[in-house]
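Worksheet: one structure, shown below.
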Amino acid sequence: MARISDARKAERLNHAWRLLQHGDDLGDLVERMARDCAISERQAYRYLEQARSLKRRLPSATKRSPLRSSCHVVWCSKFANMHGPGACL
């Protein structure tokens with residue numbers, strides 16, 4: 001089975017952290033997190049245990065927008081046409 005990305009892991013840890021802030025019973029939180037994230041209860045328990053040690057939420061990992069990347073390529077090709085090859089790195 002493939003590992004999840006760091007962004008997904010941070011997202012799940014933040015979700016676990018938010019659930020822990022409510023102060024509900026751990027068994028109820030495990031069930032809720034397992035249902036919310038479509039993971040096993042064992043995985044949910046592990047995320048909740050890790051989230052207990054967090055003092056605050058983890059920063060969100062932002063992905064680059066495909067639009068931004070494609071716009072960058074178009075801009076670079078136009079810039080290179082005006083200023084010569086190698087002008088845009």
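So, Arg56, is that one surrounded by 11 or more Cβ atoms within 10 Å (Cβ to Cβ) and at pLDDT 65 or above or not? For Arg56, the condition - surrounded by 11 or more Cβ atoms within 10 Å (Cβ to Cβ) and at pLDDT 65 or above - is not met. Scanning region 11-32 for residues that are at pLDDT below 90 and surrounded by 11 or more Cβ atoms within 10 Å (Cβ to Cβ) yields one hit, Asp24. Checked against (1) surrounded by 10 or more Cβ atoms within 10 Å (Cβ to Cβ); (2) at pLDDT below 65; (3) more than 16 Å from Ala7 (Cβ to Cβ), Ala61 passes all but condition (3).
The values are calculated or read from the model by the stated rules, or taken from the named source; none is laboratory data. Here the structure is a predicted model, which means the values were calculated and not measured. Virtual Cβ from ideal backbone geometry, glycine too; neighbours counted across all protein chains shown.
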